[in-house]
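Participant: Following this message is one structure expressed as C-alpha cells.
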Amino acid sequence: MEGEEEKKWMKSYLLPEFIIERNEDRCIKCKVCERQCAFETHRYDEELDRMFSNEESCVGCQRCAVFCPTNALTVKPNQSAYRPNYSWTGERISDLTKQAETGAVLLTGSGNDRPYPIYWEHLLLNASQVTNPSIDPLREPMELRTFLGRKPDMLEAELMDDGEVRISTEMPPNVMVKTPILFSALSYGAISYQAFKSLAMAASEYGTLFNTGEGGLPKDLRKEYGKNAIVQCASGRFGVDLEYLNCSAAVEIKIGQGAKPGIGGHLPGEKVSCLIAETRMIPAGTDALSPAPQHDIYSIEDLSALIYALKEATNYEKPVSVKIAAVHNSAAIASGMVRAGADIIALDGLRGGTGAAPKMIRDNVGIPIELAISSVDERLREEGIRNRCSILAAGGMRCSADVVKAIALGADAVYIGTAALIAMGCTLCQKCYTGKCNWGICTQDPYLAKRINPDIASRRLTNLLRAWSMEIKEMLGGMGINAIESLRGNRDHLRGVGLQEWELEVLGVKGAGE
Amino acid sequence: MRRIRCREEVCIGCRLCEVWCQVEHSKSKEIINAFLRETAFPRVRVEERGPISISLQCRHCEEPNCVHACISGALYRDLETCVVKHDASKCVGCWSCVLACPYDAIIRDDAHNRVLKCDLCEGREEPICVEKCPNDALIVEAYDAL
C-alpha cells in the first residue's frame, strides 16, 4: 500500500489455544510427533535429548496424540482464561486481538460452531406399538433406494395387444442411489487428490454419488467414477467441458454454499498444481477465483437459461441440480428454481462446512437446514410442484438419526460433507484454510497429502455409509415403515420437544404428546 | 518366498516402522522399556527426501552380495525360506556386508560390534512393521525364488 512502512514485528498478545502435556515417563523421543505436525509444534533437542512443544502453533488437530506410539501426549484446550464475561468471551477477545495484530478479515474453515439451536436435538422419532407392527430389517426387506430427479406430473399407461401394460409417459431422467446419503461437494484443489479419490471410490463401491465441487473432475477418474459423480458448474466455471458434463450421473449448478452464502471462493495460486491446473483449465500457479454470483444469473429466467443449456449439453439425459445456501427466502427461491427447470434442489444449511470462509460470514449468515427443508418442502407441496424435483439437504447431518429426521421433514436424500471428512480422519480443527492439514485432507502439500491412503480412507467412508444405512433401516423398521419413500415428508413421525410455537409451525410438526 | 515392499506413494515417513521394529527386536518387547531401559536398534530405516519417503529393509536378495562378502559365515541364505539370515554369534563386526549391500539395509551395531538386519520377524505371522504401518504402506510380497 502506498506510504505503508515496512511492517515491524509485533509481540502477540494471544494466548495459546491448546496446552500440550507430555508424559516424560512415556516419551521415547521417537520424534513421530515432530514429523506429523505441519505447524512445527514439536521439536527434538539433541543436546538435552528431550522433546519440546511450542504451544503457540498448536491447532489441536490431535494428529500427534493419535500417532504417538506410547500415548505420551495430551492436547487440551488452554484452561487459562480471561476474566469470565458473558459478552466478551475468550473467543471474542482473541479474535479481536488477532485482528488488531493483522488488520485482516478473520478466516476459518469447517462449519459454523456457534451455539445456534440444532433442531435435530429437538425432534423425536416415532415407533410402532401395539396397533401397527414394527418391522425387523434383519428379517424383512427394507428399501433405502432413492431416485433423484424430476417425477412426471401424472402417469399414463397403455394396454398393449398382448395384455401387457406399458407406461406411455416419458420419464424424466432420474439417478438411483442405494442409500439416501451422498457426499457433499468437496472440490479437488480444496481437498487433496487422495481425499477426492477416496470419496469417489467409496461412492462407487456403495452405489451412491459424490460431488466434484467446483474444481472439475480429473481426467483419469472420469471413466471409472464419472457415473457416480455429480459434476458441479459453479461461478468460476472451472473444468467444465462436454466430456465432464456427460461422464456424470447428474449436473449441479452451484449458486451458494451453506458455510458462506453470498460469498465466492479463492484457491490461492500456490495450491494450483499442474494436475489441478489441468483439471480446472487454468494456468498452474494462478489463483482460482470463484466470483460470489454466477455472472450470467441475475434472475430466475437466467437460471433457467443455464439449466437448459446444461440439459441441452447433456442431451436431456441427466437431472440438473441447483444448489443454494439456505437463506431467509429459500422457499420462494426454491419454487422459482423448480419452475426454472431444476430437477434437484440442493439446500445447504447454516452448519455446512467449507475449506475457507470469512469467520463472520460462516458464523452469522444463513438459516438452519431443518427449517429450510420443511419450509421448502411445504411450499412446493402447496404449489403442487413437489414431484418436479428432489430435495437434497446438506449442512450439519451428524448421524443417521439426523438423516432420518431430514427425510421425515421432506428431503429426498442428504449430502454429508463434514461427516465424510471426519470418517477420513478430520478432527475439525478448522485450519483448512492454512493448507497445512495434518490429516492430509485439505492440503496440496505432497508430503501431507500422502497421509490419505485412498484404499484406507474409502474403506472408512464405505463403513460409515454401511453403518448409517443399517441404523436408518432399524429406525424405519421401528416406525413400521419398510421403504424410505414412505418416510419422505412424513412429519407425523416427528414430534418436537422444547420448541416454541413458531418453530413447530415452520417445521410442520406437533409438539411431543400432542 | 516373501519380502517386505514399501509403497512409496503412501509411505508418510512417520518412522513408526522403525519404532516398532526396535520394540520387536528388544528383550522386553515393551515399547517404553525397549526405548528407555534397553539398547535396541531398528532393522528398518526410512529414507526421505522432500515428500518422498520409503521404508527400507533387507531385500532378501536372490544373490545376496552381503552373504558373498561375509568373512565369517555369519550371513547365509536359508535355502528353504530364502530368507537372508544373520547368525550374530559368528559376526565379527568387519562391516564387509555393510559395504557390499547395495540397499544400505544392513545396520551397524557399534555397541556390540556386530550387524543387524531384517529377519522378517521370525516367529510372527506378519512382520511387525507391516502390521503397525498406519497407512498400509508396507506389504509382504511373495515372489518366485530362482
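The values are calculated or read from the model by the stated rules, or taken from the named source; none is laboratory data. Being a predicted model, the structure only gives us computed values, none of them experimental. Glycine also receives a Cβ, built like all others from the backbone with ideal geometry; neighbour counts cover every protein chain displayed.
Participant: Give the residues of region A:190-222 that are among the small types (Gly, Ala, Ser) and at negative phi, sorted by residue number.
Facilitator: Matches in region A:190-222: A:Ala190, A:Ser192, A:Ala195, A:Ser198, A:Ala200, A:Ala202, A:Ala203, A:Ser204, A:Gly215.
Participant: Shifting gears a bit: Within region A:268-293, how many residues turn out to be under 30 Å from A:Ala326 (Cβ atoms) and either touching a Ser or Thr at 6+ places or on another chain (Cβ under 8 Å) or in a helix (DSSP H, G or I) (or both)?
Facilitator: Total satisfying the criteria: 8.
Participant: Continuing with the same structure: Scan region B:95-146 residue by residue and report those that are of a type in the set (Phe, Trp, Tyr) and in contact (Cβ under 8 Å) with a residue 24 or more places away in the chain. If you could, list the steps in order and put the result at the bottom.
Facilitator: Pass one, region B:95-146, residues of a type in the set (Phe, Trp, Tyr): B:95, B:103, B:143.
Listed by number, the residues that qualify are B:Tyr103, B:Tyr143.
Participant: Test A:Ile441 against the criterion of being in contact with a Ser or Thr (Cβ under 8 Å, 6 or more places away or on another chain) and away from chain B (no Cβ under 14 Å), and give yes or no.
Facilitator: Spelling it out, it is not the case that A:Ile441 is in contact with a Ser or Thr (Cβ under 8 Å, 6 or more places away or on another chain) and away from chain B (no Cβ under 14 Å).
Participant: Then there is this: If you go through region B:1-22 one residue at a time, how many are part of a loop (DSSP other than H, G, I, E, B) and more than 8 Å from every other protein chain (Cβ to nearest Cβ)?
Facilitator: So the answer is 2.
Participant: Residues in region A:137-147 that are closer than 28 Å to A:Ile391 by Cα and either of a type in the set (A, V, I, L, M, F, W, C) or surrounded by 12 or more Cβ atoms within 10 Å (Cβ to Cβ) (or both): how many?
Facilitator: Here the count works out to 7.
Participant: Could you please tell me which pairs satisfy a Cβ distance under 9 Å, a separation of 6+ or placement on different chains, a first residue in region B:19-33 that is under 20 Å from B:Arg108 (Cβ atoms), and a second residue that is crowded, with 22+ Cβ neighbours inside 10 Å and among the polar types (S, T, N, Q)?
Facilitator: B:Cys21/B:Gln57
Participant: Any chance you could count how many residues in region A:171-187 are within 26 Å of A:Asn315 (Cα to Cα) and part of a strand (DSSP E or B)?
Facilitator: 6
Participant: May I pose another question? Just give me the residues in region A:339-375 being part of a strand (DSSP E or B) and surrounded by fewer than 24 Cβ atoms within 10 Å (Cβ to Cβ), in sequence order. Before you say what the answer is, go through the steps one by one.
Facilitator: Step one: filter region A:339-375 for residues part of a strand (DSSP E or B), giving A:344-348, A:357-358.
Once the filter is applied, which keeps residues that are part of a strand (DSSP E or B) and surrounded by fewer than 24 Cβ atoms within 10 Å (Cβ to Cβ), region A:339-375 yields only A:Pro358.
Participant: Starting from region A:25-36, keep only residues that are more than 7 Å from every other protein chain (Cβ to nearest Cβ), then list their pairs with residues that are acidic (Asp, Glu) whose Cβ atoms are within a distance under 8 Å, requiring at least 6 positions of separation or different chains.
Facilitator: A:Lys29/A:Asp49
Participant: So how many residues does region A:191-215 have that are touching a strand residue (DSSP E or B) at 6+ places or on another chain (Cβ under 7 Å) and of a type outside the set (Val, Ile, Thr)?
Facilitator: Counting residues in region A:191-215 that are touching a strand residue (DSSP E or B) at 6+ places or on another chain (Cβ under 7 Å) and of a type outside the set (Val, Ile, Thr) gives 11.
Participant: Return the residue satisfying two criteria in turn: it lies in region A:37-65 and is in a loop (DSSP other than H, G, I, E, B) and farther than 21 Å from A:Leu448 by Cβ, and of such residues it is nearest to the other protein chains (Cβ to nearest Cβ).
Facilitator: Result: A:Asp49.
Participant: Report, by residue number, each residue of region A:469-485 that is farther than 13 Å from A:Ala202 by Cβ, assigned to a helix (DSSP H, G or I) and not acidic (Asp, Glu).
Facilitator: Result: A:Met470, A:Ile472, A:Lys473, A:Met475, A:Leu476, A:Gly477, A:Gly478, A:Met479, A:Ile484.
Participant: Tally time: how many residues in region A:266-306 are more than 27 Å from A:Gly355 (Cα to Cα) and either hydrophobic (A, V, I, L, M, F, W, C) or surrounded by fewer than 13 Cβ atoms within 10 Å (Cβ to Cβ) (or both)?
Facilitator: Total satisfying the criteria: 4.
Participant: For region B:49-64, which residues satisfy the criterion of being within 14 Å of chain A (Cβ to nearest Cβ) and surrounded by 15 or more Cβ atoms within 10 Å (Cβ to Cβ)? So that I can check it myself, show each step before the final result.
Facilitator: Restricting attention to region B:49-64, the residues satisfying the condition of being within 14 Å of chain A (Cβ to nearest Cβ) are B:49-55.
B:Ser53, B:Ile54, B:Ser55, listed by residue number.
Participant: Quick one: in region B:31-45, of everything that is crowded, with 21+ Cβ neighbours inside 10 Å and within 11 Å of chain A (Cβ to nearest Cβ), which residue is farthest from A:Glu24 (Cα to Cα)?
Facilitator: Filtering region B:31-45 for residues that are crowded, with 21+ Cβ neighbours inside 10 Å and within 11 Å of chain A (Cβ to nearest Cβ), the one farthest from A:Glu24 (Cα to Cα) comes out as B:Pro42.
Participant: Given the conditions (1) within 14 Å of chain B (Cβ to nearest Cβ); (2) touching a His at 6+ places or on another chain (Cβ under 6 Å), and given that A:Asn126 satisfies all but one, which numbered condition is not satisfied?
Facilitator: (1)
Participant: Let me ask something else about it. Within region B:65-146, which helices (runs of 4 or more DSSP H) (wholly inside it) include 3 or more residues that are crowded, with 17+ Cβ neighbours inside 10 Å, in contact with a Phe, Trp or Tyr (Cβ under 8 Å, 6 or more places away or on another chain) and assigned by TED's automatic domain parsing to the domain that holds B:Trp20? Reasoning before the result, please.
Facilitator: Numbers: elements: B:65-69, B:96-100, B:128-132.
Passing ranges, in order: B:128-132.
Participant: I've got another one for you. Kindly check whether there is at least one residue in region A:307-320 that is without any contact (Cβ under 8 Å) to a residue 40 or more places away in the chain and of a type in the set (Asp, Glu).
Facilitator: Among the residues of region A:307-320, at least one is without any contact (Cβ under 8 Å) to a residue 40 or more places away in the chain and of a type in the set (Asp, Glu), which makes the answer yes.
Participant: Within region A:7-54, track down each residue that is surrounded by fewer than 17 Cβ atoms within 10 Å (Cβ to Cβ), closer than 18 Å to A:Asn438 by Cβ and over 31 Å from the mean Cα position of the chain (by Cα).
Facilitator: Across region A:7-54, the qualifying residues are A:Lys31, A:Arg43, A:Tyr44, A:Asn54.
Participant: Continuing with this model, one more query. Tell me which residues, restricted to region A:188-224, are crowded, with 24+ Cβ neighbours inside 10 Å, part of a helix (DSSP H, G or I) and either hydroxyl-bearing (Ser, Thr, Tyr) or outside the structural domain of A:Ala346 (by TED's automatic domain parsing) (or both).
Facilitator: Once the filter is applied, which keeps residues that are crowded, with 24+ Cβ neighbours inside 10 Å, part of a helix (DSSP H, G or I) and either hydroxyl-bearing (Ser, Thr, Tyr) or outside the structural domain of A:Ala346 (by TED's automatic domain parsing) (or both), region A:188-224 yields only A:Ser198.
Participant: Got a sec? Which of A:Ile276, A:Ile253 is over 22 Å from A:Met424 (Cα atoms) and among the aliphatic types (A, V, I, L, M)?
Facilitator: Just a single option satisfies the conditions, and that option is A:Ile253.
Participant: State yes or no: is A:Ile369 of a type outside the set (Lys, Arg), at pLDDT 95 or above, in the same structural domain as A:Leu347 (by TED's automatic domain parsing) and under 18 Å from A:Ala413 (Cα atoms)?
Facilitator: yes
Participant: Could I ask something else about it? Among the residues that make up region B:23-30, is at least one of them within 12 Å of another protein chain (Cβ to nearest Cβ) and crowded, with 17+ Cβ neighbours inside 10 Å? Show your work before the answer.
Facilitator: Our first condition is that a residue be within 12 Å of another protein chain (Cβ to nearest Cβ); within region B:23-30, this holds for B:23, B:26, B:30.
Subsequent filtering for residues that are crowded, with 17+ Cβ neighbours inside 10 Å retains B:23, B:26.
Yes, some residue in region B:23-30 is within 12 Å of another protein chain (Cβ to nearest Cβ) and crowded, with 17+ Cβ neighbours inside 10 Å.
Participant: Can you spot a residue in region A:155-164 that is closer than 29 Å to A:Tyr206 by Cα and assigned to a loop (DSSP other than H, G, I, E, B)?
Facilitator: No: region A:155-164 contains no residue that is closer than 29 Å to A:Tyr206 by Cα and assigned to a loop (DSSP other than H, G, I, E, B).
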